[in-house]
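Enquirer: Below is the structure I would like to discuss, written out as structure tokens.
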Amino acid sequence: MTAATYVLAPATWDDPEVRALTAAQQAELRARYDGDTEPGTPPSAADVAVVVVARDADGTPLGCGALRELGPGVAEVKRMYVVPPARGRGVSRAVLTALEAAAVERGWSTLRLETGPRQPEAIGLYESAGYRAIEAFGDYVDEPDAGCSLYYERVLGPS
């Protein structure tokens, strides 16, 4: 395995590169799910507290992830995405690890997320990182198609 050829850096939700990455993520998901819309409440600059971007050595954005606070001690992982040419290089795991560290710094001890059955790569990442399946949470509970999503949670703490 070679050393990482990317760097992680904080960003803002409205950063143009973050917007481009999240738009690409949404386009890919619409293609995987035959145009279906996103469940839950879409993230916004008003509710996203943490954004991490992975960049190649030349500064090209490779991937991103974000956190939105759900309540005391709990946050939601949003918009995890890695551009196709950068997949398989450990970028998603590095972004997830950085998000988890940021959560701990903010006093959030639990991370939750929603993903779908047509995202085996995401499921594999989350399960291998210690996330466990849970029931729908928050705004997802009242979604008409809540059963079409998969929900995960990880309680953060010392390893």
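The values are calculated or read from the model by the stated rules, or taken from the named source; none is laboratory data. Since this is a predicted model, take the numbers as computed values, not measurements. Quick reminder, even Gly has a Cβ in these numbers, built from the backbone with ideal geometry, and neighbours come from all protein chains shown.
Enquirer: Residue check: is Ala75 free of Cβ contacts under 8 Å to residues at least 40 places away in the same chain, of a type in the set (A, V, I, L, M, F, W, C) and either surrounded by 14 or more Cβ atoms within 10 Å (Cβ to Cβ) or part of a loop (DSSP other than H, G, I, E, B) (or both)? Quick ask: steps written out before the conclusion?
Expert: Details: free of Cβ contacts under 8 Å to residues at least 40 places away in the same chain: yes; of a type in the set (A, V, I, L, M, F, W, C): yes; either surrounded by 14 or more Cβ atoms within 10 Å (Cβ to Cβ) or part of a loop (DSSP other than H, G, I, E, B) (or both): yes.
So Ala75 passes the test.
Enquirer: Moving on to the next point. Would you check which residues across segment 1-57 are assigned to a loop (DSSP other than H, G, I, E, B), touching a residue at least 12 places away in the same chain (Cβ under 8 Å) and of a type in the set (Gly, Ala, Ser) and list them?
Expert: Listed by number, the residues that qualify are Ala4, Ala11, Gly40, Ser44, Ala45, Ala57.
Enquirer: Follow-up question, since we're still on this one. Being under 16 Å from Arg68 (Cβ atoms) and touching a Ser or Thr at 6+ places or on another chain (Cβ under 9 Å) is the filter here, so list the residues in segment 15-52 that pass it.
Expert: Val18, Pro39, Gly40, Pro43, Ala45, Asp47, Val48, Val51, listed by residue number.
Enquirer: If you don't mind, another one. What tally of residues in segment 78-100 results from selecting those that are assigned to a helix (DSSP H, G or I), more than 13 Å from the chain's Cα centre (by Cα) and surrounded by 14 or more Cβ atoms within 10 Å (Cβ to Cβ)? Spell out how you get there, then give the answer.
Expert: Within segment 78-100, the subset assigned to a helix (DSSP H, G or I) is 84-86, 91-100.
Okay, now just the ones that are also more than 13 Å from the chain's Cα centre (by Cα), so 84-86.
Those left that are additionally surrounded by 14 or more Cβ atoms within 10 Å (Cβ to Cβ): 86.
The number of residues fulfilling the criteria is 1.
Enquirer: Here's another thing I want to ask about it. Do you know which residues across segment 2-17 are at pLDDT 90 or above and over 18 Å from Leu113 (Cβ atoms)? So that I can check it myself, show each step before the final result.
Expert: Step one: filter segment 2-17 for residues at pLDDT 90 or above, giving 6-17.
Answer for segment 2-17, where residues must be at pLDDT 90 or above and over 18 Å from Leu113 (Cβ atoms): Tyr6, Val7, Leu8, Ala9, Pro10, Ala11, Thr12, Asp14, Asp15, Pro16, Glu17.
Enquirer: Which number in (1) within 20 Å of Val18 (Cα to Cα); (2) free of Cβ contacts under 8 Å to residues at least 60 places away in the same chain; (3) not aromatic (Phe, Trp, Tyr) marks the one condition that Gly90 misses?
Expert: Condition (2) is where Gly90 drops out.
Enquirer: Every residue in segment 50-72 that is out of contact with any Gly (no Cβ under 9 Å at 6 or more places or on another chain), surrounded by fewer than 16 Cβ atoms within 10 Å (Cβ to Cβ) and not hydroxyl-bearing (Ser, Thr, Tyr), please.
Expert: Correct list: Ala57, Asp58, Gly59.
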